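Inspection log for the structure reproduced underneath, given as structure tokens.
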């Protein structure tokens, strides 16, 4: 056996059974409880038994675990193995009450002494930015990748907390952070955008950036300019926007087309997409633009192609049902298959701030 994904509710017995069968050969172990339920194992009340169960897999190089199941002894074991480990910590949305750090700063400091241990932290559906900053994002963590996916529950009064969190990330993990993902449907103003740029400047090792949020259209141009000046060193760029304002969408579409040649010249692995909310396009129920290394797929171009086709066949009142977009999907089908990944933007566009970042 090379990989096992266990549900915590199956209990320690299953973990022990797998250790007996494949303890010396297992390379990847996933201990994730997506419901945030630690009643069955109750790790805090028996951390030593839990850690001893993990230690039965001496050749692990990839461990995925919920943050609430971490223990000092587990981190100390990782720090002492001397073999390459990839530690992924998954903090789920139900982890909202964190009065104190679950593991000690000393345990994290021990992990940081091992250059082979890489920590990948995923924060999902955050409800308290201040708590996350104070209790989870400890400076001692040797953090290589940070995903913050979903800050949907927060209001505009949390802007300062978001800014402080971004500053904290840059100050604490500037030397180690190589990947950063931030997905949020909160209103983004100039201060937050500038904080993101400051974070990028503080993290010279950062090569992967994934932003799904309502930044201003010219934010893409700023990133391209910083990359051209070698102020940042991205290798992979992902951006996504879901807009309710058609005029704003047109501005972003223009920005994508303007900077597309630069993105190609920079040899970035990029994927940029945007769509407007339904009922903003007379031709279809939405409009969209997708740009990546292969080219641009634009609903406006599809419309022109379709109009030419319909005009050619108007004498026979025949339309072309097989007309395809450059991506190969039907022109009447959404290119955004997984709509759960696309948060809707705010309809209050008066809250938008003009970006005045200094390069």
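So which residues in the range 61-78 are more than 19 Å from residue 135 (Cα to Cα), part of a helix (DSSP H, G or I) and touching a strand residue (DSSP E or B) at 6+ places or on another chain (Cβ under 7 Å)?
Selection gives 78 alone.
Do any residues in the range 241-262 that are touching a residue at least 60 places away in the same chain (Cβ under 8 Å) have Cβ atoms under 6 Å from those of residues that are surrounded by 18 or more Cβ atoms within 10 Å (Cβ to Cβ) and part of a strand (DSSP E or B), where the two are at least six apart or on different chains, and which pairs are they?
Pairs found: 241/274; 242/275; 243/276.
Take residue 270 and decide whether it is without any contact (Cβ under 8 Å) to a residue 40 or more places away in the chain, over 22 Å from residue 169 (Cβ atoms), in contact with a strand residue (DSSP E or B) (Cβ under 8 Å, 6 or more places away or on another chain) and not in a helix (DSSP H, G or I).
Here the answer is yes, as residue 270 does meet what is asked.
Please count how many residues of the range 221-238 are under 21 Å from the mean Cα position of the chain (by Cα) and either assigned to a loop (DSSP other than H, G, I, E, B) or farther than 20 Å from residue 191 by Cα (or both).
Looking only at that region, the number is 8.
Looking only at the range 42-60, decide whether some residue is at pLDDT 75 or above, in contact with a strand residue (DSSP E or B) (Cβ under 6 Å, 6 or more places away or on another chain) and closer than 18 Å to residue 120 by Cα.
Yes: one or more hits.
Of everything in the range 1-23 that's touching a strand residue (DSSP E or B) at 6+ places or on another chain (Cβ under 8 Å) and within 11 Å of residue 56 (Cα to Cα), which residue is modelled with the lowest pLDDT?
Going through the qualifying residues, I end up with 15.
For the range 195-220, give me each residue that is modelled with pLDDT of 95 or more, surrounded by 21 or more Cβ atoms within 10 Å (Cβ to Cβ) and in a loop (DSSP other than H, G, I, E, B).
Residues satisfying the conditions are 203, 206.
Say we look at the range 224-240 and pick out the residues that are crowded, with 18+ Cβ neighbours inside 10 Å and in contact (Cβ under 8 Å) with a residue 60 or more places away in the chain; which of these is farthest from residue 289 (Cα to Cα)?
Going through the qualifying residues, I end up with 226.
Mind checking which residues of the range 182-194 are in a helix (DSSP H, G or I) and touching a helix residue (DSSP H, G or I) at 6+ places or on another chain (Cβ under 9 Å)?
191, 192, 193, 194
The values are calculated or read from the model by the stated rules, or taken from the named source; none is laboratory data. The structure displayed is predicted, hence computed values, not measured ones. All Cβ positions, glycine included, derive from the backbone under ideal geometry; neighbour counts span all protein chains shown.
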